[in-house]
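Below is one structure, written out as C-alpha cells, with a few remarks after it.
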Amino acid sequence: MQTPPVLRKLTQHISPSPKTNALRTPPTTHEELFTASATEIAAQLADKKISATEVVEAHINFAKQVNPLLNAIIANRYDDAKREAEQADLTLARGEDIQPFTGVPCTIKESFALTHMPNSAGVVARQNIRSTHDAITVKRWRDAGIIPLGVTNTPELCMWYETHNYVYGRTNNAYSEAHICGGSSGGEGAIIGAGASPFGLGSDVGGSIRMPAFFNGIFGHKPTGGLVPSSGQYPRSDGDALRYLCTGPLCRRAEDLYPLTKLLAGDDGLDQGIRHDLNLHNPSEVRIKDVKVYSILSNNLIEPSQEIKDALIQARDTLQNLGAQTEDAHFAELSNSFDIWSAMLSSAEGDSFRELLHKDSSPHSLLADFYNWTFRRSPHTFPAIVLAMTERLTSILSSRAESAIAQGNHLKEKISELLGDNGVLLYPTFPTAAPRHFQPLVRPAHFVYTAIFNVLEFPATQVPLGLNEDGLPLGIQIVANHGNDHLAMACAMALEKQLGGWTPPWQAK
C-alpha cells in the first residue's frame, strides 16, 4: 500500500536496521537474573542464594543501560525501590511474613495508579497529575512483596497500537529501534522484552497486552472478562466495557502467568464488571493430551504473512506431538472483526474516546484539532485525532452497529460451543512481525486479530515462538473458553518447554 502524502513526511526518518541494533548488547553482569522467571528469582531469594538488594539493583542498572534506547520506563522510583529491597532483605533474614514474591522487581503501566508516580496516560493535559494511591491490582502485587521500579509508556489515552505521545515521546521495540513496541502496554513489552524487568502490569481492550508481548517476544495474558478488576486506571471503563478492558501480566517466562494473574483476580468491591462465578484454575493440573486444539490461520480479511502462519502450524504440530487432538476451525464472522469490536465497544456505557480526548467533542473541535496538528500546534497525536473522528462517524451508523453487535454475540456463542470445557484456539496475534515506526498509520485495522476476543470476553495468552530472519519475534495467541484461562496458560507453558519461549535480544543471531 502506498503511503498517503499527509503521512509521507512522518515516515522519512527511520532508525537503523535491527541487525546493527545496540539493544543486542548483553548485560555486563548478572546475566542469569535477566533470563530467569520471577518465580525462580523468588525461590532464590527465599533460599538466601541472592539478596533482594542485589536483584533490584541489578535490574535498575540494566534498565539504565537499555532504557535510553527504548524510552520504556518514563518515570522511575529507583531510590524507593532500593529502600524497599533493603526492607525485603530484613524480612527474608527473619524468615517471617515472607510473601510469594518478596523482593522481586517489576514495572507498571503508567495508566495504573502507583503512589507518587505520574498517571497521565500520555495526555498533555494530565502530565502534572500524580497518583495518591495504588490501583487495586498494583496494591495486590505490592502486598505480595513485589517492588515496582517505575512506570512505563503508553500511547495517548491508551488507544493505539504504537506507543507514542506528546508527554513522553516514542517507545522502541526491544529488538530494534526501527520497529514499534506495540500498544497500549508498549513500554511494558519493551522493557520486559529487553530483559530489564521480569514482568509487568498491563491492560488490554483491543490487544494492548498481547500485541506488545508479541512484538517484544514475551508472554502476556488477557484474562477472561470479569476475572480481574480494572479499578484505579485512567482512562477507566463503564458498563459492558468493564469486562472488555482486562488487566493482566506480561512476563519473560510462562510459569509466571498463573501466579501473577492469581494475585490480581477477585472482587475489589469497586469494579461492577467482576464475575463472581469465575475461579482461576492451576495450569499445572492440565494434561495436554486431554486438550482439543483448534487452529485458524486467517480472519479472511487481513491475510497474515507466511512466517506467522508457519509459526502457528509449528505450535499446532508441537501440541499434537504432545498428544493433543488437533482440528482446523473456521468462523466467517471473523472477517467482520473490526465492525464487531468497534460497535460493541462503542455501545458500552461511559465516556467515549472523543469525550475523553476533548471536552468539546463536536465535529468543529475535532477538525480544529486536525488543523492544529498539521501545524504542530495540537496537544494530541495524529492517531488519537483520527480515532476520535472515526468514532464519531461510526456512532452515526447505528443500524450497521446493531447488526455488528448481533453478529458478535452470535460469534461468541459459536466459539464457546466449539471450545467447550477442554478446547483452545490457536490464532494469529498480528498479521506480521513488528512493523516499523509509523506503519500502523497505514495499517490501522491490523489489531483486530486481538481486539475481537476482548468484546467476546474470552481469555487469551500470547506465546513467543522464536525470531524471524530479521531478528524480530514471532508468536501466536491461544484462546480458551470463559473461565478456562488455565488451559491457554498450560499450552503456553508446554510450547515454551518444547520451543524455547522468549529469546533474550542479546542472544539473538
**Report entry** Mean accessible surface per residue for the chain, computed with a 1.4 Å probe while every protein chain stays in place, in Å²
**Finding:** 38 Å²
Query - Mean separation of Cα contacts under 8 Å, 6 or more apart, over the residue count of the range 124-190: relative contact order % - result: 28 percent
Query - Proximal lysines to K509, defined as alpha-carbon separation beneath 28 angstrom and excluding residues fewer than eight positions away on the same chain - result: K19, K64, K309, K497
Report task. Return the calculated 222 nm mean residue ellipticity for the chain, to the nearest 500 deg cm²/dmol, obtained by summing -39500 (n - 2.57) across DSSP H runs with n ≥ 4 and dividing by the residue count. Result -> -11000 deg cm²/dmol
Query raised in the report: Can you give the relative contact order of the chain as a percent, counting alpha carbon pairs under 8 Å and 6+ residues apart?
Result: 18 percent
Report summary line: Among (i) 32.1; (ii) 21.8; (iii) 28.0, the value of mean projected area of the Cα convex hull in nm² computed for this structure carries the label (ii)
Requested in this report: Give me the percent of the accessible area of the chain that comes from carbon and sulfur atoms, probe 1.4 Å, all protein chains in place.
Outcome: 49 percent
Query raised in the report: Going highest first, how would you order 228-241, 138-151 by mean Cβ packing within 10 Å?
Result: 138-151, 228-241
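Given a cut-off of 18 Å, name the pairs among K289/K414; K139/K262; K292/K414; K289/K412; K222/K412 whose C-alpha atoms lie farther apart than that in the structure shown. Walk me through the numbers on the way to the answer.
Numbers: K289/K414 24 Å; K139/K262 14 Å; K292/K414 16 Å; K289/K412 26 Å; K222/K412 16 Å.
From K289/K414; K139/K262; K292/K414; K289/K412; K222/K412, over 18 Å: K289/K414; K289/K412.
Can you classify the range 99-152 as rounded, prolate or oblate using the Cα gyration tensor, where a ≥ b ≥ c are the square roots of its eigenvalues, rounded means a/c under 1.5, and otherwise it's prolate if a/b beats b/c and oblate if not?
Working: a/c = 3.10, a/b = 2.32, b/c = 1.34.
Prolate shape, in that a/c is at least 1.5 and a/b is the bigger ratio.
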Report summary line: Note on the range 105-145: contact order normalised by length, alpha-carbon pairs under 8 Å, 6 or more apart, percent, works out to 35 percent
Report task. Let me know the charge dipole size of the chain about its Cα centre in debye, to the nearest 20, where only the beta-carbon of Lys, Arg (+1) and Asp, Glu (-1) is charged. Result -> 1260 debye
Query - Under 20 Å from K48, Cα to Cα: lysines that are on another chain or at least 8 residues apart - result: K82
Query raised in the report: With a Cα-only, solvent-free Debye model of the range 390-486, what are the log10 I(q)/I(0) values at q = 0.11, 0.17, 0.19, 0.24 Å⁻¹?
Result: -0.45, -0.92, -1.03, -1.22
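Arrange the residues Y166, Y294 by how much accessible surface each exposes, largest first, with a 1.4 angstrom probe.
The ranking, largest first, comes out as Y166, Y294.
The values are calculated or read from the model by the stated rules, or taken from the named source; none is laboratory data. Bear in mind that the values here come from a model prediction, so they are computed numbers and not experimental data. Don't worry about glycine lacking a Cβ; one is built from the backbone with ideal geometry, like all the others, and counts go over all protein chains shown. Accessible surface is based on the protein model in full, side chains and every heavy atom, while ligands, DNA and RNA are left aside. Shrake-Rupley method; radii C 1.70, N 1.55, O 1.52, S 1.80 Å.
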